[in-house]
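The values are calculated or read from the model by the stated rules, or taken from the named source; none is laboratory data. Keep in mind the model is a prediction, meaning the values are calculated, not measured. Ligands, DNA and RNA are stripped out before the accessible areas are found, and what is left, the full protein with its side chains, is counted by its heavy atoms. Shrake-Rupley method; radii C 1.70, N 1.55, O 1.52, S 1.80 Å.
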Amino acid sequence: MHGKTCVVTGATSGIGLAAAEVLAAKGATLALVGRDPARGEAALARLRAAAPGVRATMHYADLLRMSEVRRLGAELLAAYPRIDVLVNNAGALFRERAVTEDGLERTLALNHMAYFLLTGLLRERLAASAPARVVSVASRAHQRASGLDLDDLNLERRYDGWTAYCRSKLANILFTRELARRLAGTGVTANCLHPGFVASRFGDNNRGAFRWGIGLAKRLFAISEARGAETIVYLASDAGVAATTGGYFADSRPATPSAAARDDQTAARLWELSAKLAG
């Protein structure tokens, strides 16, 4: 990875930071994205301790807001003459429904629209740096979603936090499939992955019994952040998948997503709706 620049969102903790550590050890230049400056500085200190001499910069943005995603995109384009890898990782589960300043339900805004918009903003730079890769963190939770209601992406009729999360992860896979189709012939690949159930800060933004329950599950069943990051690193750097595109992976191996996640007609419709939402 020497000479390659990797953009990693959600990089102040969890699997994003764990993946950044391995990519740093491989020699990559890191453009890390986070929201909290205190966590960002702590993440940089951890990286520099683990990989002395690492070339890493933290960029701050609230990816719930499309104006912030656009500002971040412009900042990255100004700072990096080449971008070889984009890792779309930032995401969350929101137990309670709320909408952003753009009128988007928060799960849709962060888990899907931020992926879609940031990738679009960096697409030409990725193509100019080809061979390049887009790696998006999805989840096996997509299997719990029977499909996307494209007439109610904002879940205005009935909201459930888990349902919103599962649908957003289904959207990640559909986005990856359509992105791969649109990038054909450019030298840029697009793949997504299930990282596993990881003992990270996932779910900690919620309150009450829900937060307690997910915390207990993490203590009992979750894997380490380092292990959860392995498939991210594999898709971002391994020569064996340099030409693979449109795939869904788990445990660094190809996996078969649900039938709903293989619906290319829905993937194309989701793309068009997302483009309209992004303006």
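Summary table
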read-out: At 1.567 mPa s and 4 °C, Stokes D of the stretch 17-61 from Kirkwood alpha-carbon radius, µm² per second; value: 126 µm²/s
read-out: Whole-number accessible area per residue in Å² for the chain, which is evaluated in the context of all protein chains at 1.4 Å; value: 44 Å²
read-out: Among (1) 51, 43, 36; (2) 68, 46, 37; (3) 88, 57, 34, the entry that matches Cα extents along the principal axes in Å as calculated here; value: (1)
read-out: Alpha carbon Rg of the stretch 53-101, scaled by the compact-globule rule 2.2 N^0.38 Å; value: 1.42
read-out: Span from the the stretch 128-153 Cα centroid across to the the stretch 1-28 one, whole angstrom; value: 21 Å
read-out: Projected area averaged over orientations for the stretch 1-125, convex hull of C-alpha atoms, nm²; value: 7.3 nm²
read-out: Distant-in-sequence amide H partners of residue 196 (H built 1.01 Å from N, under 5 Å); value: 140
read-out: Whole-number Å³ per residue for the convex hull built on Cα positions in the stretch 106-180; value: 90 Å³
read-out: Computed over the chain: relative contact order in percent, which uses C-alpha pairs under 8 Å that are six or more apart; value: 19 percent
